[in-house]
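Below is one structure; the comments refer to it alone.
All of the numbers you see were taken from the coordinates with simple rules; none came from a lab. Being a predicted model, the structure only gives us computed values, none of them experimental. Cβ: placed from backbone, ideal geometry, glycine included. Neighbour counts: every protein chain shown.
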Amino acid sequence: MNPQELLLWVRGTGLQLATAVCVLGMTYRLLHLALLGRKKNLAEARGSEWGPGLRTMWRRSFVLPELSARGKFTVVAGYTFHFGFFITLLFLSQHIAMLRAVLGFGWPALPHSAIEIAAILTLAAMIALLVHRYMDPVKRMLSGFEDYLTWLLTFLPLLSGFMLLHGIGPAYTQMLTLHLLSVELLLIAIPFTKLAHMLTTFSARWYNGAFAGYKGVKA
Amino acid sequence: MTTSLQGGINRMMEQIDGPIATFFSSCVHCGLCADACLFYTETQNPKYTPIHKLEPMRRLWQQEFTFWGKLMSRLGLSKPVTDAELAAWEPLVYDSCTMCGRCSLACPVGNDIVYMVRKMREGMVVSGHAPDDIKGATQRAIELGGPMGITFATLQAHIKHAEKETGLTIPVDQIGADYMMVLSSAEIADFSEIIPAVTRIFDHAKVSWTFASDGFEGTNSGMQLGSSDLAAELVGRLVKAAERLKVKYVISPECGHAYTALRWEGPNLIGRPYPFKVVHIIELLDELRAAGRLRTEGMDDTRLTFHDPCQMVRRGGVVEQPRKLLKQVASNFVEMPNPGVQNWCCGGGGGVSAIERAEPLRQVAFKRKKSQLDAINVNTIVTSCSNCRNVLQDGLEHYHMPQQVVGLTELIAEHLAEKK
């Protein structure tokens, strides 16, 4: 298989397979969590579950005001990385063109300079978070192999994409292949790792808000 | 109770329901819950990070509920949960967790960490790794009727004394009364002034009420231990008494965990809804106030604050009622920093105050409450939980602080308007 054929496979069958693993894997995972269920609450409710559950899915995005310096760093760098990642993913013209081919519709792209800033900030935030994970006693204690692996799997598509846009590294064909492969690795890893939090977080927040709401606690 | 490692592991596994599996799936190890826990903030020791207290349970989840975990486990490549590990975790799951629930409000992915701690304790106790002090308290409650060994005879002596003090008759075992009053052992032993206080308030507001000789103590150390069976036995006694007396309401005492046990866990522990309603004494007083049945006179001008008991507020939803009552009798009421659902725990909930070996750590954790109090310079702390009251008094004494601690019900009783 020459580099051209490899690229064709990676952007065709490879991407389809990775997407299928991600979608089916996450569907299975979410169904499994939902089917595990919970016991019916027999205590008389003071409030309700659905409203507070749905509210918490949104409101929990704003964390406690009272945070230590290490907490503030985590929040600021974490938000920068998440926002930057999604801006780069969803508003780069090449990404939109690819998604349009699959979805049949697209949306306006951001100028390359804006994507550039988002990508650099995201890469910087991710590196800072990695260093912090290793240096901060709490995070270091909590972290295992999977935390570093998922960091790497998230970092690689960003880095290879950045290199691709700037013509850094191998020839364009090989770099694009590497970029797509890194994306596929990330997609495959999502259902099997803590990256699943991209969807399970919303169920977790719902439960949290619903438990509090049932008791009439405005959490 | 027979205990074994495998029994404990099985029990812990049984506790992993949809919410717990979702919470473990969502944790990104950000460590933000550490900032919400007074045991971490005051010691800066990472081991007190709330989510870390669940590590053995997290591994069981990983090994049995995830693809890679199951695979590694079948290949013999996963790290099993051992007796030694659970023994090492006992002080984390009990001594340094008051089940205050502040971490559950802080977690950015939404994990209700204290929900998980409560469930993990179920496995810890079956594995034989629960503190002897809480086990002893539960055993006394089962055998004698209360965790401090208080029997109905002790309450009867207080009732007689209160009748003499107030000139009123205190109803006991009165079938058909509207309300059945429950107390905590700490109230009976240390703050028995609550008995004449409620007697006078209920007489003033014309509340039909009674004590039950076979269901008067609400502290549920079985729940703090993490033993649903024993917790159900304890709450079941109150239910049986309430059903025997055909009351419409059971009044939860000024005791945070009694309220959680009776109001929120009780029906789930006994496996059926109650035929009566449960109200916290402060909820009832506020209802009486709102209905114009609780008339007070005079204002206390002492500079005072209110300490929110975690189980009543953050885990119970009774937030505004004590403030409305306080404003009726106190002209110089100030809030602590972070009042209401964000309030910091006294450091003694969840059974921690019963664990003797945990006292030095509890006093270190109390520095968080101290800093809240130092910020507002009050003379009096009002609260509505007898355990908080004891822990606050201990901490104030330990740090040579001058404030006095007062129960809200007693404060209201002191200001009752004279009968016309």
Chain B: most fluctuating residue of B:R389, B:R368, B:R121 per GNM, C-alpha cutoff 10 Å: B:R368
Cβ crowding within 10 Å averaged over residues, with B:149-160, B:97-108, B:243-254 ranked highest first: B:97-108, B:243-254, B:149-160
³J(HN,Hα), Karplus 6.51/-1.76/1.60, whole Hz, each residue of the stretch B:329-345, x for Gly, Pro: 10, 10, 8, 10, 8, 10, 7, 6, x, 6, x, x, 5, 8, 4, 7, 5
GNM flexibility winner over chain A from A:I188, A:I127, A:I168 (Cα, springs under 10 Å): A:I168
Candidates per trypsin sites (Lys or Arg not before Pro) in the stretch A:25-63, loop by DSSP, up to 11 other Cβ within 10 Å: A:K39, A:K40
Residue among A:A97, A:A114, A:A125 with the largest mean-square fluctuation in a Gaussian network model of chain A, springs linking Cα atoms under 10 Å: A:A97
Share, in percent, of DSSP beta bridges within the protein assembly as shown that are antiparallel, nearest 5: 5 percent
Quarter of the Cα convex hull surface for chain A, i.e. its orientation-mean projected area (nm²): 15.3 nm²
Between 0 and 90°, nearest 10: helix B:5-15 axis offset from chain B longest Cα axis: 70 degrees
Straight-distance crosslink candidates among lysines, where the alpha carbon sits under 21 Å from A:K72 and sequence neighbours closer than 8 are dropped: A:K139, B:K47
B:T296 long-range amide H proximity, modeled H, under 5 Å: B:A417
Separation between Cα centres of the stretch B:235-294 and the stretch B:82-147, rounded to whole Å: 24 Å
Fully extended contour minus Cα-Cα distance, from B:D178 to B:A417, at 0.36 nm per residue: 83.7 nm
Average beta carbon contacts from partner chains per residue of A:209-218, 10 Å cutoff: 5
Surrounding net charge for B:G407, when Lys and Arg each add one and Asp and Glu each subtract one, Cβ distance under 10 Å: -3
Chain B: antiparallel DSSP beta bridges as a percent of all, rounded to 5: 5 percent
GluC sites (Glu not before Pro) restricted to DSSP loop in the stretch B:345-420 with at most 10 other C-beta within 10 Å: B:E418
Cα-Cα P(r), the protein assembly as shown, percent of pairs per 10 Å interval: 3, 15, 24, 23, 15, 10, 6, 3, 1, 0, 0
Cut-off under 5 Å, modelled amide H: who pairs with A:G216 long-range: A:R46, A:G47, A:S48
Computed [θ] at 222 nm, deg cm²/dmol, chain B (DSSP H ≥ 4; -39,500 (n - 2.57); rounded to nearest 500): -14500 deg cm²/dmol
Loop-exposed chymotrypsin sites (Phe, Trp or Tyr not before Pro) per DSSP, neighbour cap 16 Cβ within 10 angstrom, longest uninterrupted part of chain A: A:106-219
Vicinal HN-Hα couplings computed from phi for the stretch B:99-112 (Karplus, 6.51 cos²θ - 1.76 cosθ + 1.60; Hz; Gly/Pro x): 6, 6, x, 5, 5, 5, 7, 8, 4, x, 8, x, 6, 8
